[in-house]
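K.L.:
Provided herewith is a single structure, encoded as structure tokens, for subsequent inquiry.
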């Protein structure tokens, strides 16, 4: 990238970060999307609109309103350090309602994790990629008492809150902000989660999934797909994503078990 293009990239990254809605997103991801959109030959107005639209689509669209992390942290500090306490479960459910992905899983929450993880439970370690608020579902997962939980997402304020959540409940592990397209994962785990994540990744970098799955340091990967859009329309998504997944796994040559729920399909993949 020459000096002129580099300055244009930095100008657009700064433009995005100046907006409250987007200023907590990982800078590396913003830069990658800016670079991608700059290569499409649009004028400046169209490029800016496309950048914000993509960032909204892959992240901000999942929140109906800005998360109140400060209030959540205050409420967290009043909880006992017991993940299974009813008051803890109530707290986790209230927060998961704020994120579309976890909200729609609430109706199948216990069945989802108990069924998909049953073949490998109890779980000693987890890597949750593009985790959202899914770590708050820990009370419903078949985990070992001393589980190690690692997670990453594109929002700084979200991962900072999740780290406080982990600290409060004495969980081993770490939550970090990351750009999955340019991240390496060094800690080996029993299972990695990619829950309703691959379709979003494909919107940014088509064909990225095989390389990502190969580099994940896990014995198993739990992959899931939504069967309806954020607006509630199904549009044959279950069939489409099932075909995409099977094609992906045929490329990798791995084995899997499949699970079907009212709002989501899931596959427990064994890496070999």
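The values are calculated or read from the model by the stated rules, or taken from the named source; none is laboratory data. Worth saying up front: this structure is predicted, and the values here are computed from it rather than measured. All Cβ positions, even for glycine, are placed from backbone atoms using ideal geometry, and neighbour counts span all protein chains on display.
K.L.:
When residues of region 151-179 are filtered for being touching a residue at least 60 places away in the same chain (Cβ under 8 Å) and under 21 Å from residue 25 (Cα atoms), how many remain? Show your work before the answer.
P.N.:
The first filter runs over region 151-179 and keeps only residues touching a residue at least 60 places away in the same chain (Cβ under 8 Å), leaving 154-158, 160-161, 164-165, 168-170, 177-179.
Add one more test, that the residue is under 21 Å from residue 25 (Cα atoms), and what stays is 154-158, 160-161, 164-165, 177-179.
Count: 12.
K.L.:
Out of all the residues in region 106-150, which are surrounded by fewer than 20 Cβ atoms within 10 Å (Cβ to Cβ), over 17 Å from residue 173 (Cα atoms) and in contact (Cβ under 8 Å) with a residue 60 or more places away in the chain?
P.N.:
Within region 106-150, 107, 108, 111, 115, 119, 120 qualify.
K.L.:
Here are the criteria: (1) outside any loop (DSSP other than H, G, I, E, B); (2) in contact with a helix residue (DSSP H, G or I) (Cβ under 7 Å, 6 or more places away or on another chain). Tell me which single one residue 219 does not satisfy.
P.N.:
All conditions are met except number (2).
K.L.:
Could you tell me whether any residue of region 247-258 is in a loop (DSSP other than H, G, I, E, B), within 19 Å of residue 58 (Cα to Cα), out of contact with any helix residue (DSSP H, G or I) (no Cβ under 8 Å at 6 or more places or on another chain) and in the same structural domain as residue 145 (by TED's automatic domain parsing)?
P.N.:
Pass one, region 247-258, residues in a loop (DSSP other than H, G, I, E, B): 253-254.
Going one step further and asking which of them are within 19 Å of residue 58 (Cα to Cα), we end up with none.
No.
K.L.:
What is the number of the single condition among (1) farther than 20 Å from residue 200 by Cα; (2) surrounded by 18 or more Cβ atoms within 10 Å (Cβ to Cβ); (3) without any contact (Cβ under 8 Å) to a residue 60 or more places away in the chain that residue 55 does not meet?
P.N.:
(1)
K.L.:
Show me the helices (runs of 4 or more DSSP H) found entirely inside region 90-203 where at least 2 residues are at pLDDT 95 or above.
P.N.:
Working: elements: 100-105, 109-116, 156-168.
Counting at least 2 such residues, we get 109-116, 156-168.
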